[in-house]
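Quick notes on the structure that follows.
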Amino acid sequence: MTILGIPVDAALLVLLFAIAVAGIVRGFSGFGTGMIIGPVGAMTFGPQAAIVILLVIDSLPMLPLILSALKKVSLRELLPVAAGYGLILPLGIWFLKTGDTVTLRWFMSLVILVAAAILWSGWVYRGPRNLAVRIGVGGISGFLGGAAGVSGPPVILYWMALSTGAGLVRANLLVYFALAQVLSGTGLVVAGIVNRESLMLGLVCAPLYLVALLVGARLFGLASESTYKRVALLIVIAAAIMTLPVLDGLRGQA
């Protein structure tokens, strides 16, 4: 049995389960998609396919939110960070394209574990906020986005310390991630990483992800924001640890 040419096997079922969990987590916490789907997708279909799947499923559902966020965004904050992202993104994509699968999986999981630990600690950036720093933050985000599909943590940590209010920070993040997806998608196509199988995988997963987003959004408000954050981070940490290459033998993988 196949869906859009993709065999319905154990690998696809594991990925779909991760998609559902990630969608629910993103719906109630506002983050976590790449940090959950990235390592699971890399384990089941390879790091390159995982990045493409993330790009496909996380684009269309965000369009309505992005359109409303455009009215509130701060171009002074956004444009230098986006420029840094675009500047260093090709280096991350090169790492993704040339690195071997095991190395990429280790890198992805370790980056996610470090990011989750920092987010759990509640640490936020308190240093200078000049043009060079904005470009640098975008550059770090660009490398991590291209290489591991985890572009969020550097920018989140940088902008969460702004004193301009949560509304502007949320608008900045929404528009930033939209720009990042356009840049990443273009870079992945140019690098020859996007192929029919990865696109079909994304399309197969997209409806489930959208439903899970809605379920997660309905759960919002049933607990405190700090509780949601810690639940999301526990799931992220579990996904990163359980998909470590060192555990492949226990899963019966070569």
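The values are calculated or read from the model by the stated rules, or taken from the named source; none is laboratory data. Remember, predicted model here, so these are calculated numbers, not experimental data. Note: ideal-geometry Cβ built from the backbone for every residue, glycine included; neighbour counts use all protein chains shown. Ligands, DNA and RNA are excluded from the accessible area calculation, which covers all protein heavy atoms including side chains. Shrake-Rupley method; radii C 1.70, N 1.55, O 1.52, S 1.80 Å.
Looking only at Cα atoms, what is the convex hull volume of region 75-134 per residue, in Å³? Show your work: numbers first, answer last.
Details: hull volume 5.9 nm³, N = 60.
Per-residue hull volume (Cα only) is 98 Å³.
Between residue 195 and residue 215, what is the label-to-label distance in nm when each label sits 7 Å out along the Cα-to-Cβ direction?
If labels sit at residue 195 and residue 215, their model points lie 3.1 nm apart.
Take 53, 66 and sort them by solvent-accessible surface of the protein heavy atoms, 1.4 Å probe, largest at the top. Kindly include the intermediate steps, with their values, before the conclusion.
Details: 53 0, 66 25 Å².
The residues order as 66, 53, largest area first.
Residues of region 144-254: accessible area per residue at 1.4 Å, in Å²? Don't jump to the answer; show the numbers that get you there.
Details: 5410 Å² over 111 residues.
On a per-residue basis, region 144-254 sits at 49 Å².
Relative to the compact globular guide of 2.2 N^0.38 Å, what is the alpha carbon radius of gyration of region 92-170, as a ratio?
Numbers: Rg = 13.9 Å, N = 79, 2.2 N^0.38 = 11.6 Å.
In units of the globular-protein estimate, region 92-170 measures up at 1.21.
What value does region 39-177 have for Rg/Rh, both radii from Cα atoms and Rh as Kirkwood defines it? Spell out each step's value before the answer.
Details: Rg = 15.2 Å, Rh = 15.6 Å.
With Rg and the Kirkwood Rh in hand, the quotient comes to 0.97.
Please work out the average accessible area per residue across region 1-88, using the 1.4 Å probe convention, and give it in Å². Kindly include the intermediate steps, with their values, before the conclusion.
Working: 3690 Å² over 88 residues.
Per-residue value: 42 Å².
Count the net charge of all other residues whose Cβ sits under 14 Å from the Cβ of residue 38, scoring Lys and Arg as +1 and Asp and Glu as -1. Display every interim value, and only then the final one.
On the way: positive: 26, 105; negative: 58.
Its environment carries a net charge of +1.
Any idea what the relative contact order of region 1-104 is, in percent, if you count C-alpha pairs under 8 Å spaced at least 6 apart? Walk me through the numbers before you get to the answer.
On the way: 50 pairs, mean separation 19.2, N = 104.
Averaging sequence separation for qualifying contacts and normalising by length gives 18 percent for region 1-104.
Using 7 Å Cα-to-Cβ label points, what is the residue 126/residue 9 separation (nm, one decimal)?
About 5.2 nm, to one decimal.
Roughly what % of Cα-Cα distances in region 1-59 sit above 16 Å, to the whole percent? Walk me through the numbers on the way to the answer.
Details: 699 of 1711 pairs.
Result: 41 percent of Cα pairs exceed 16 Å.
Before rounding to the nearest 500, sum -39500 (n - 2.57) across all DSSP H runs of length at least 4 in the chain and divide by the residue total; then give [θ] at 222 nm in deg cm²/dmol.
Numbers: 11 runs with 189 residues, N = 254.
Value at 222 nm, helices only, nearest 500: -25000 deg cm²/dmol.
Quick one: compute the contact order of the chain, relative version, from alpha carbon pairs under 8 angstrom and 6+ residues apart, as a percent. Please report the intermediate quantities before stating the final value.
Numbers: 358 pairs, mean separation 94.6, N = 254.
With pairs under 8 Å counted, the relative contact order is 37 percent.
Quick one: Karplus J couplings for region 185-200, per residue in order, coefficients 6.51, -1.76, 1.60, θ = phi - 60°, nearest Hz, x for Gly and Pro?
Result, ordered by residue: x, 4, x, 5, 5, 4, 6, x, 7, 6, 9, 4, 4, 5, 5, 5 Hz.
Give the carbon-plus-sulfur fraction of the accessible surface of the chain in %, rounded to a whole number; probe 1.4 Å, heavy atoms of protein chains only.
Details: 8700 of 11920 Å².
Looking at the chain in its full context, I get 73 percent from C and S.
For residue 225, what charge total do you get from the other residues with a beta carbon under 15 Å from its beta carbon, if Lys and Arg give +1 and Asp and Glu give -1? Intermediate values should be presented prior to the final figure.
Working: positive: 26, 170, 229, 230; negative: none.
Neighbourhood net charge equals +4.
Compute the convex hull volume of the Cα atoms of region 39-104, divide it by the residue count, and report the result per residue in Å³ as a whole number. Display every interim value, and only then the final one.
Numbers: hull volume 6.6 nm³, N = 66.
Residue-normalised Cα hull volume stands at 100 Å³.
For region 109-241, what is the relative contact order in percent, using Cα pairs closer than 8 Å and at least 6 residues apart in sequence?
On the way: 58 pairs, mean separation 47.1, N = 133.
With pairs under 8 Å counted, the relative contact order is 35 percent.
Can you tell me the alpha carbon radius of gyration of region 174-248 divided by the globular rule-of-thumb value 2.2 N^0.38 Å? Display every interim value, and only then the final one.
Details: Rg = 16.5 Å, N = 75, 2.2 N^0.38 = 11.3 Å.
Taking N as the residue count of region 174-248, the ratio is 1.45.
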